[in-house]
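Asks: The structure is given below, and queries will be raised subsequently.
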């Protein structure tokens, strides 16, 4: 029981660290954050592997620590990203606990895509009502959340389930109580 909690904490810490390191690794590519969404991957993984509490913590701490250590994301985008990533993490964890079909792969995809949609929806609503009032539109939301981000979305839909399958298959006996 205690070892499961420690394992979840270690995985969450690794996901937070990845949320800082992955954007740095892609920093040489112009607009890489908006295209490849490097912070989204560890946050979504954390929610799926460790549950909603750790997913929420990762979604808040990864962009905050990244900003404090590297100045990225810029302060103008930080509040919006904190909220969006927090929703990704918590929703991935909640949906993965709640969605129970007979197909494990389908559970992961439904949870992942559901969390991705919820995070984008909440991020768009908050930008429209709080963070970018008067400067934000449906066109900007659709373009930034889906068109520009399409390579990152594809990477997430391919890579995240593979990582979750691998961790659950090879670390399954340690992760049984995590979800």
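Asks: Considering only the range 83-101, how many residues are over 10 Å from the mean Cα position of the chain (by Cα) and either in contact (Cβ under 8 Å) with a residue 12 or more places away in the chain or in a helix (DSSP H, G or I) (or both)?
Replies: Residues flagged as over 10 Å from the mean Cα position of the chain (by Cα) and either in contact (Cβ under 8 Å) with a residue 12 or more places away in the chain or in a helix (DSSP H, G or I) (or both) within the range 83-101 amount to 8.
Asks: Among what's in the range 137-179 and is modelled with pLDDT under 90 and in a loop (DSSP other than H, G, I, E, B), pick the residue that is surrounded by the most Cβ atoms within 10 Å (Cβ to Cβ).
Replies: Checking each candidate, the answer is 178.
Asks: Is at least one residue of the range 69-82 under 26 Å from residue 129 (Cα atoms), touching a residue at least 24 places away in the same chain (Cβ under 8 Å), within 14 Å of the chain's Cα centre (by Cα) and buried (at least 21 other Cβ atoms within 10 Å of the Cβ)?
Replies: yes
Asks: Is it the case, given these coordinates, that residue 74 is modelled with pLDDT of 95 or more and assigned to a loop (DSSP other than H, G, I, E, B)?
Replies: So residue 74 does not fit the description; no.
Asks: What pairs come up if the first residue lies in the range 154-167 and is at negative phi and in contact (Cβ under 8 Å) with a residue 12 or more places away in the chain, the second is exposed (fewer than 13 other Cβ atoms within 10 Å of the Cβ) and part of a helix (DSSP H, G or I), and their beta carbons are under 7 Å apart, counting only those six or more places apart or on different chains?
Replies: Filtered contacts from the range 154-167: 161/105.
Asks: Identify, by number, the condition in (1) assigned to a helix (DSSP H, G or I); (2) over 24 Å from residue 26 (Cβ atoms); (3) in contact with a helix residue (DSSP H, G or I) (Cβ under 8 Å, 6 or more places away or on another chain) that residue 129 doesn't meet.
Replies: In the conditions (1) assigned to a helix (DSSP H, G or I); (2) over 24 Å from residue 26 (Cβ atoms); (3) in contact with a helix residue (DSSP H, G or I) (Cβ under 8 Å, 6 or more places away or on another chain), residue 129 misses (3) alone.
Asks: Among what's in the range 20-63 and is touching a helix residue (DSSP H, G or I) at 6+ places or on another chain (Cβ under 9 Å) and in a loop (DSSP other than H, G, I, E, B), pick the residue that is surrounded by the fewest Cβ atoms within 10 Å (Cβ to Cβ).
Replies: In this case the residue turns out to be 29.
The values are calculated or read from the model by the stated rules, or taken from the named source; none is laboratory data. This is a predicted model, so every value here is computed, not measured. Virtual Cβ from ideal backbone geometry, glycine too; neighbours counted across all protein chains shown.
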